[in-house]
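So that we are looking at the same thing, I have put the structure below in structure tokens.
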Amino acid sequence: MSNVEKEPGPQPPSPAPDSAEPEKRKREYKDFGHEEEGPTRALVDMDTIELKAEDLYDKEKVDLETIVIDDVFKLLQCDENGLSEEEAARRLELFGPNKLEVDEQNPFLQFLSFMWNPLSWVMEAAALVAIVLSNGQGQPPDWPDFVGIVLLLFINSAIGFYEERNAGNAVKALMDSLAPKAKVKRAGNWSEIESATLVPGDMISFKIGDIVPADCRLTEAINVSIDQAALTGESLPQSKKNGDQCFSGSTCKQGEAEGVVISTGSNTFFGRAASLVGQDDDTTGHLQKILAQIGSFCLITIGIFVLAEIFTLYAGFRYSYRRGLDNILVLLIGGIPIAMPTVLSVTLAVGAQQLAKYKAIVTRITAIEELAGVTILCSDKTGTLTTNKLTIDRNTIQTYGPFSAEDVILLAAYASRTENQDAIDASVVQAIGDPSRARAGIKLLDFKPFNPVDKRTEITYREEATGKLKRVTKGMTGIIIELCSRNKTEEIENRLEKDVEEYAARGLRALAVAYEEVDGDDFEAEGNGFELIGLLAIYDPPRDDTKQTIDDALALGVKVKMVTGDQLAIAKETGRRLGLGDHMYPAKVLKDGPAPGSKHGSLDEMIMDADGFAGVFPEHKYEIVKRLQGLGHLCAMTGDGANDAPALSRANVGIAVEGATDAARGAADIVLTEPGLSTIVHAIRQSRVIFQRMRNYSIYACAVTIRIVVCFAILAFTYKFDFPPFMILIIALLNDGTIMTLSVDRVLPSMTPDSWDLAEIFSYAVAYGIYLTASTVALVCIIKETTFFQDTFGVRLDTDFPIASNDPQLHMVIYLQVAIISQALIFVTRSHSFFFMERPSTALMVAFCIAQLISSIIAAYGDWGFTKIRAISGGWIGIVWVWNIVWFIPLDWIKFAMKATVIKRLRQRHEAKVAQEAQTGVPMTRTQSRAASIHESLYSNRVSFIKRAARKVGFGQKISMKPEELQRFSSIQAQRVGATLARNPSRTAA
């Protein structure tokens with residue numbers, strides 16, 4: 001049994017039983033009309049419902065959105081004088097603020113989180129080895145290595161923390177600019193308060209240009225028109241009358257209104273949409289997964305050689321406890337790319353600052369990396385592809401009388417308001433070019449504005465040139481044609497009906513215009529009869545730069561799909577105008593699937609083939625994005641309204657366009673602050689530049705890991721070579737300082753979506769690492785086994801030949817050789833051709849030169865006893881430089897040889913796999929184990945462990961934003977709302 005019943009309404013008069021004339025066919029014109037439902041009554045006793053959230057928002061008991069307004073006041077226990085301040089304060093405590101709370105991360109814990117990943121753990125373990133396990137055999141703890149490791153960790157964390165806080169502050173500055181207010185009546189007096197303090201039962205008012213601050217029911221409406229495009233996706237504002245509902249976040253486009261607040265915060269229309277936004281709490285981003293795999297490669301490599309050293313050095317060579325530990329420390333410190341998370345974070349942070357120059361604010365920094373790989377861009381239509389501003393389509397104007405198309409537009413402008421305009425009046429006046437022409441040459445005598453009953457406007461004026469009285473009306477087609485007594489013939493009506501249907505098929509709204517003359521001087525007298533003179537087509541035009549943006553996106557290998565809440569015909573017409581295509585489907589196919597016998601075998605095939613979908617709701621947009629991701633695509637979504645928020649959150653990259661609601665901004669990863677979509681193309685290109693920098697660094701980091709681990713393990717196995725761990729720390733510190741400049745390196749973006757081919761990265765790394773290992777091992781062999789350098793260049797070491805494996809000066813020679821050529825490798829990994837063909841950034845060159853100068857100075861003057869090294873002569877420094885230059889030149893040839901062999905085969909295998917996926921329609925991905933998922937999450941800076949620890953030690957208290965910051969839906973907020981709604985099913989939307 002239903003809980004509501006319809007109020008009896010007026011019944012239409014019955015037709016006469018005997019009619020002499022046949023009944024004329026009722027014509028229906030598809031234009032501005034919309035069906036209206038009458039109010040309902042609650043079938044529950046108002047006295048049994050307590051004023052609390054569990055009852056107030058339980059639609060099983062009562063629906064505040066549809067019950068008669070008198071019952072609303074009874075249920076909310078309020079009246080038109082508003083609540084008292086005491087009662088408002090009590091309800092604020094009961095229902096909570098009209099916003100969603102924000103958790104701010106503790107800065108100290110944010111800093112520590114940069115040390116919470118497996119790569120850092122290995123370095124931290126090395127520090128413990130140096131300070132705890134190194135005690136023994138009469139020697140103190142290894143303080144120099146411990147201090148060096150801790151310093152390296154803190155430097156990397158400090159850089160990452162600084163850059164990320166900068167990026168966060170930019171977003172905070174954007175949100176600080178939002179300070180909504182609400183006009184409320186409390187105890188009979190009107191005042192302005194923060195929107196966040198509104199409660200159910202408050203009386204509010206708003207006028208043209210205001211944002212509706214909370215869901216409300218209107219108690220007084222004077223010619224009110226509300227723009228709900230951000231909620232429903234429809235371009236046309238909706239007329240509202242007493243008793244109608246207005247949604248929080250919609251905009252008043254015309255008139256003034258008063259209403260009673262029925263829901264606030266998470267229980268508004270926005271709040272119910274938010275339950276979808278945080279539905280999938282996937283804290284592991286795409287970049288974290290890549291980091292995990294690269295980190296695993298390095299850790300496994302190090303682990304293999306550490307085990308080999310333990311067995312060889314202790315079991316085979318019978319090393320003492322302390323001597324073996326030093327060798328293991330060399331592998332741990334030198335092999336771990338400790339700077340990798342920081343370098344990638346800094347690269348992304350610098351990229352975010354560069355995107356800000358294009359008026360794009362990045363709210364989730366790893367989204368930049370994902371944007372580089374986006375293959376499909378799903379875009380909302382209203383306000384995103386289009387201007388969300390109604391316009392007259394001059395090319396489709398129809399005329400029915402002696403007036404030209406320009407005359408029809410001018411007369412329609414006469415019948416429009418020039419001030420306090422609604423969207424239709426504004427579009428008509430704008431169509432004449434100069435708004436002053438709407439009143440030029442005429443004297444206004446009477447004007448009747450649009451109202452929901454008459455559904456038309458009318459002007460009576462005196463033409464100054466002739467002195468004649470004239471009258472023009474414009475409005476809904478069916479209403480206007482009934483007024484046209486002078487030329488309403490069967491032929492005209494048939495033609496009008498055909499034109500309106502043609503407009504509707506193309507997604508254009510029809511606006512009829514009629515004209516009559518008035519005899520005499522009485523402007524209230526009846527005229528000589530209206531004559532239909534024209535039909536105007538109204539549509540929401542595409543933005544000027546949208547077509548070029550779509551063309552540019554397609555050129556970059558990104559397919560664009562339109563996903564809109566508007567009608568199918570309107571979507572198709574917009575698609576045709578943009579060159580996007582009109583192969584679009586209504587939203588119901590997402591539930592019903594492809595029709596039997598259609599060319600699509602499955603819904604996934606249909607989604608991939610479609611140019612877009614129309615009539616969609618938030619859950620439809622969410623489902624489309626989710627399915628595209630299931631097919632293996634990285635998906636971006638643009639939007640501007642609350643109806644886009646769930647899909648923006650689900651997409652790999654959510655993009656909120658300029659003028660977006662708080663809901664869309666909070667759910668998005670990138671917020672555009674400039675009109676148009678051209679910024680997206682800039683962002684895609686910039687993200688691909690950033691991706692290339694990260695790829696170049698990843699190859700370098702893995703190659704250096706191979707180079708250090710394999711090199712020093714071989715030297716230990718061959719010559720019992722005990723390299724001092726502290727000098728490896730010096731190499732790591734100089735490397736990190738240089739590599740940080742990769743974040744601003746000069747690289748070219750690719751013309752196709754980027755993707756992480758880790759097999760390719762690891763193949764390059766192994767080739768480079770083995771080659772550089774050979775360069776060091778060969779140098780040691782020549783120095784130890786021959787006197788070539790002494791005989792040829794006249795240089796000497798302090799000890800005579802044969803040179804001992806652990807001679808302090810030999811250590812210095814190897815230190816300098818490893819430091820120079822390891823850093824020089826970056827010039828090879830960053831280029832696709834010869835290294836000298838692609839000019840690096842000035843910052844990279846300067847940093848490299850400074851690092852090599854420091855390395856050479858250490859080699860010339862370093863004489864630190866605790867490190868087991870001793871300075872070498874200028875002759876040996878020159879030999880090392882020449883040696884490295886000779887070995888560096890063939891590195892490019894190794895790169896080309898790898899491309900022609902191993903990399904070529906890897907790409908052929910990948911292309912074959914993609915082709916097979918295209919045939920089967922199913923991406924060939926293995927189901928991920930829970931262990932792998934946990935491992936990947938460890939590379940996210942926002943780890944749950946840190947948060948739990950924060951609560952344990954008292955850092956976990958909620959930190960609220962300022963009251964005026966009505967930032968409704970940040971990602972954290974959305975997750976919390978989703979969790980709240982899940983715990984309280986009665987609060988979810990029916």
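So which of A512, A555, A525, A504 ends up being under 25 Å from V681 (Cα atoms) and either touching a strand residue (DSSP E or B) at 6+ places or on another chain (Cβ under 6 Å) or hydrophobic (A, V, I, L, M, F, W, C) (or both)?
Being under 25 Å from V681 (Cα atoms) and either touching a strand residue (DSSP E or B) at 6+ places or on another chain (Cβ under 6 Å) or hydrophobic (A, V, I, L, M, F, W, C) (or both) holds for just one of A512, A555, A525, A504, which is A555.
Could you list, in sequence order, the residues of the range 258-312 that are modelled with pLDDT of 75 or more and of a type in the set (S, T, Y)?
Answer for the range 258-312, where residues must be modelled with pLDDT of 75 or more and of a type in the set (S, T, Y): S263, T264, T268, S296, T301, T312.
I'm checking my understanding of the structure. Among residues of the range 451-469 that are within 21 Å of G255 (Cα to Cα) and touching a Gly at 6+ places or on another chain (Cβ under 7 Å), which one is least open to solvent (accessible area, probe 1.4 Å)?
Residue satisfying both the conditions and the ranking: T457.
Okay, moving on. Of all residues being out of contact with any Ser or Thr (no Cβ under 8 Å at 6 or more places or on another chain) and buried (at least 18 other Cβ atoms within 10 Å of the Cβ) in the range 767-776, which is nearest to I869 (Cα to Cα)? Just the residue, please.
In this case the residue turns out to be T776.
Taking the range 442-488 only, how many residues are under 53 Å from the mean Cα position of the chain (by Cα) and of a type in the set (D, E)?
4
From the list W190, W143, exactly one residue is aromatic (F, W, Y) and modelled with pLDDT of 80 or more. Which is it?
Details: W143 fails: modelled with pLDDT of 80 or more.
Result of the check over W190, W143: W190.
A further question on this structure: Given the condition more than 27 Å from I300 (Cβ to Cβ) and either at pLDDT 80 or above or not in a helix (DSSP H, G or I) (or both), answer yes or no: does some residue in the range 113-136 qualify?
yes
Right, another one. Within the range 665-692, which residues are of a type in the set (S, T, Y) and not in a helix (DSSP H, G or I)?
T673
Another one. Determine, yes or no, whether A412 is part of a helix (DSSP H, G or I) and either at pLDDT 85 or above or open to solvent by less than 50 Å² (accessible area, probe 1.4 Å) (or both).
Details: part of a helix (DSSP H, G or I): yes; either at pLDDT 85 or above or open to solvent by less than 50 Å² (accessible area, probe 1.4 Å) (or both): yes.
Yes; evaluated as a whole, the condition is true for this residue.
Would you call Y503 open to solvent by 30 Å² or more (accessible area, probe 1.4 Å) and within 27 Å of T387 (Cβ to Cβ)?
In short, no.
Of everything in the range 726-748, what is open to solvent by 50 Å² or more (accessible area, probe 1.4 Å) and more than 30 Å from D326 (Cβ to Cβ)? Give them in sequence order.
If the condition is that a residue be open to solvent by 50 Å² or more (accessible area, probe 1.4 Å) and more than 30 Å from D326 (Cβ to Cβ), then V744, R746, L748 are the ones that fit.
Okay, moving on. May I ask you to say which residue of S833, S841 is farther than 27 Å from W864 by Cα and in contact with a Ser or Thr (Cβ under 8 Å, 6 or more places away or on another chain)?
Answer to the check: S841.
Of everything in the range 715-725 that's open to solvent by less than 30 Å² (accessible area, probe 1.4 Å) and outside any helix (DSSP H, G or I), which residue is nearest to F146 (Cα to Cα)?
By that ranking, first place goes to P724.
Quick check on the range 419-436. Is at least one of its residues more than 40 Å from the chain's Cα centre (by Cα) and buried (at least 18 other Cβ atoms within 10 Å of the Cβ)?
No.
Can I ask one more? Name the pairs: first residue in the range 461-488 and over 12 Å from L444 (Cα atoms), second residue buried (at least 19 other Cβ atoms within 10 Å of the Cβ) and polar (S, T, N, Q), Cβ to Cβ under 9 Å, at least 6 apart or on different chains?
Taking only residues 6 or more apart or on different chains, the pairs are T473/T457; K474/S416; K474/T457; G475/T457; I479/T473; I480/T473; L483/T473.
A quick yes/no check of all residues on (1) in a loop (DSSP other than H, G, I, E, B); (2) free of Cβ contacts under 8 Å to residues at least 60 places away in the same chain; (3) more than 24 Å from G737 (Cα to Cα):
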site: D754; (1), (2), (3): yes, no, yes
site: G769; (1), (2), (3): no, no, no
site: L772; (1), (2), (3): no, no, no
site: K784; (1), (2), (3): no, no, yes
site: F789; (1), (2), (3): no, no, yes
site: F801; (1), (2), (3): yes, yes, yes
site: Q817; (1), (2), (3): no, no, no
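Output the number of residues of the range 577-613 satisfying the condition of being outside any helix (DSSP H, G or I) and either of a type in the set (S, T, Y) or under 25 Å from A555 (Cα atoms) (or both).
Qualifying residue count, the range 577-613: 13.
May I pose another question? Hey, I820 hits all of (1) open to solvent by less than 60 Å² (accessible area, probe 1.4 Å); (2) in contact with a Leu (Cβ under 9 Å, 6 or more places away or on another chain) but one; which does it fall short on?
Just one mismatch for I820, condition (2).
For L377, only one of the following conditions fails: (1) within 19 Å of the chain's Cα centre (by Cα); (2) surrounded by fewer than 20 Cβ atoms within 10 Å (Cβ to Cβ); (3) not in a helix (DSSP H, G or I). What is its number?
Of (1) within 19 Å of the chain's Cα centre (by Cα); (2) surrounded by fewer than 20 Cβ atoms within 10 Å (Cβ to Cβ); (3) not in a helix (DSSP H, G or I), only one is false for L377: (2).
For R905, indicate whether it is open to solvent by 60 Å² or more (accessible area, probe 1.4 Å), of a type in the set (K, R) and part of a helix (DSSP H, G or I).
Details: open to solvent by 60 Å² or more (accessible area, probe 1.4 Å): yes; of a type in the set (K, R): yes; part of a helix (DSSP H, G or I): yes.
So R905 passes the test.
Out of (1) over 19 Å from A636 (Cβ atoms); (2) open to solvent by less than 20 Å² (accessible area, probe 1.4 Å), the odd one out for V563 is which?
The failed condition is (1).
So R439 ticks every box in (1) open to solvent by 40 Å² or more (accessible area, probe 1.4 Å); (2) among the charged types (D, E, K, R); (3) touching a strand residue (DSSP E or B) at 6+ places or on another chain (Cβ under 8 Å); (4) farther than 19 Å from F530 by Cβ but one. Which box is left unticked?
Looking at each condition in turn, R439 falls short on (3).
Every residue, every condition in (1) part of a helix (DSSP H, G or I); (2) without any contact (Cβ under 8 Å) to a residue 24 or more places away in the chain; (3) in contact with a Ser or Thr (Cβ under 6 Å, 6 or more places away or on another chain), yes or no:
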{"position": "A308", "(1), (2), (3)": "yes, no, no"}
{"position": "F311", "(1), (2), (3)": "yes, yes, no"}
{"position": "R318", "(1), (2), (3)": "no, yes, no"}
{"position": "D326", "(1), (2), (3)": "yes, no, no"}
{"position": "L329", "(1), (2), (3)": "yes, no, no"}
{"position": "L332", "(1), (2), (3)": "yes, no, no"}
{"position": "P341", "(1), (2), (3)": "yes, no, no"}
{"position": "L344", "(1), (2), (3)": "yes, no, no"}
{"position": "Q353", "(1), (2), (3)": "yes, no, no"}
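Across the range 489-505, what is the number of residues that are within 52 Å of the chain's Cα centre (by Cα) and free of Cβ contacts under 8 Å to residues at least 60 places away in the same chain?
Result for the range 489-505: 3.
I've got another one for you. Within the range 544-556, identify whether any single residue is of a type in the set (A, V, I, L, M, F, W, C), open to solvent by less than 40 Å² (accessible area, probe 1.4 Å) and part of a helix (DSSP H, G or I), and answer yes or no.
Here is the first cut: in the range 544-556, the residues of a type in the set (A, V, I, L, M, F, W, C) are 550, 553-556.
From what's left, open to solvent by less than 40 Å² (accessible area, probe 1.4 Å): 550, 553, 556.
Then drop every residue that is not part of a helix (DSSP H, G or I), which leaves 550, 553.
There is at least one residue in the range 544-556 that is of a type in the set (A, V, I, L, M, F, W, C), open to solvent by less than 40 Å² (accessible area, probe 1.4 Å) and part of a helix (DSSP H, G or I).
Another question about this same structure. Which residue is least open to solvent (accessible area, probe 1.4 Å), if the candidates are limited to the range 506-532 and must be within 11 Å of S485 (Cα to Cα) and among the acidic types (D, E)?
E516
Between I879, I850, I826, which is farther than 30 Å from Q692 by Cα and either free of Cβ contacts under 8 Å to residues at least 12 places away in the same chain or out of contact with any Pro (no Cβ under 7 Å at 6 or more places or on another chain) (or both)?
Being farther than 30 Å from Q692 by Cα and either free of Cβ contacts under 8 Å to residues at least 12 places away in the same chain or out of contact with any Pro (no Cβ under 7 Å at 6 or more places or on another chain) (or both) holds for just one of I879, I850, I826, which is I879.
The values are calculated or read from the model by the stated rules, or taken from the named source; none is laboratory data. Keep in mind it's a predicted model, so treat the numbers as computed, not measured. Ideal geometry is used to build each Cβ from the backbone, glycine not excepted, and the neighbour counts take in all protein chains shown. Protein only, heavy atoms only, side chains kept; ligands, DNA and RNA dropped before computing areas. Shrake-Rupley method; radii C 1.70, N 1.55, O 1.52, S 1.80 Å.
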